[in-house]
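The next block holds one structure in the form of structure tokens; read it before the comments.
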Amino acid sequence: MEIHQILQCLPHRYPFLLVDRVLDCEPGVGITALKNVTINEPFFDGHFPHYKVMPGVLIIEALAQAAAILSFQTLGTKADSNSVYYFVGIDGARFKKPVTAGDQLILKAKLGRRLRGIWKFSATAEVDGAVVAEAELMCTLRDVTSVVGS
């Protein structure tokens with residue numbers, strides 16, 4: 001899946017779109033995607049100017065975006081203006097190595113279960129075959145009208 005298909009699938013846009021390509025996706029099972037980390041990323045100006053490191057929270061967000069693509073592919077739908085895809089939990093997040101400019105972040109998410117509208121994924125981010133981050137992610141898809149009315 002190339003960037004134009006990803007843009008149809010996710011509502012995120014620059015500078016918050018963190019998936020550049022989907023390498024493999026098996027609906028209901030798992031996804032492998034990539035994020036090219038370039039020196040032009042807006043977060044590098046402030047994190048950290050003397051040693052540019054991708055913030056861990058953005059690595060987790062990139063994993064969640066990959067998981068969202070897997071969810072939409074599993075459901076056979078796309079994001080639209082009537083729904084929003086939320087994090088509802090992040091467990092066991094670990095950061096093992098820094099991610100810096102020039103790295104290619106490989107994002108992997110496997111669907112663990114889907115129960116009462118909650119999707120649970122095991123997710124890992126890798127650079128050059130080494131795990132740099134991992135987490136258990138829980139997400140849900142909600143109708144915007146039910147969110148706005150809350």
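Number of residues in the stretch 8-25 that are surrounded by 14 or more Cβ atoms within 10 Å (Cβ to Cβ) and within 15 Å of residue 76 (Cβ to Cβ): the value is 2. Take the residues in the stretch 35-60 that are in contact with a Lys or Arg (Cβ under 9 Å, 6 or more places away or on another chain), in contact (Cβ under 8 Å) with a residue 60 or more places away in the chain and not aliphatic (A, V, I, L, M); name whichever of them is surrounded by the most Cβ atoms within 10 Å (Cβ to Cβ). Looking at residues that are in contact with a Lys or Arg (Cβ under 9 Å, 6 or more places away or on another chain), in contact (Cβ under 8 Å) with a residue 60 or more places away in the chain and not aliphatic (A, V, I, L, M), I get 35. When residue 100 is tested against (1) loosely packed, with under 14 Cβ neighbours inside 10 Å; (2) among the polar types (S, T, N, Q); (3) farther than 25 Å from residue 4 by Cα, only condition (1) is not met. Applying the selection to the stretch 62-77, what residues are surrounded by 19 or more Cβ atoms within 10 Å (Cβ to Cβ) and without any contact (Cβ under 8 Å) to a residue 60 or more places away in the chain? The answer is 65, 66, 70. Would you confirm whether any residue within the stretch 47-58 is of a type in the set (A, V, I, L, M), under 30 Å from residue 145 (Cβ atoms) and under 12 Å from the mean Cα position of the chain (by Cα)? Checking the stretch 47-58: at least one residue is of a type in the set (A, V, I, L, M), under 30 Å from residue 145 (Cβ atoms) and under 12 Å from the mean Cα position of the chain (by Cα). Taken over the stretch 96-138, the residue count meeting the criterion of being under 28 Å from residue 75 (Cα atoms) and aliphatic (A, V, I, L, M) is 13.
Kindly evaluate residue 28 against the criterion of being at pLDDT 95 or above, exposed (fewer than 14 other Cβ atoms within 10 Å of the Cβ) and under 21 Å from residue 9 (Cβ atoms). Yes: the conditions hold for residue 28. Pairs are defined by a Cβ separation below 7 Å, a sequence spacing of at least 6 or placement on different chains, a first member in the stretch 78-103 that is in contact (Cβ under 8 Å) with a residue 24 or more places away in the chain and closer than 20 Å to residue 48 by Cβ, and a second member that is of a type in the set (Phe, Trp, Tyr) and surrounded by 12 or more Cβ atoms within 10 Å (Cβ to Cβ); the pairs so defined are 101/44.
Once the stretch 115-133 is narrowed to residues that are more than 29 Å from residue 39 (Cα to Cα) and in contact (Cβ under 8 Å) with a residue 12 or more places away in the chain, the residue that is farthest from the chain's Cα centre (by Cα) is 117.
Only one of the numbered conditions (1) surrounded by 14 or more Cβ atoms within 10 Å (Cβ to Cβ); (2) not in a loop (DSSP other than H, G, I, E, B) is violated by residue 5, and that is (1).
The values are calculated or read from the model by the stated rules, or taken from the named source; none is laboratory data. This one's a predicted model, so the numbers in the text were calculated from it and none came from an experiment. Reconstructed Cβ throughout: ideal geometry from the backbone, glycine too, with neighbour counts over all protein chains shown.
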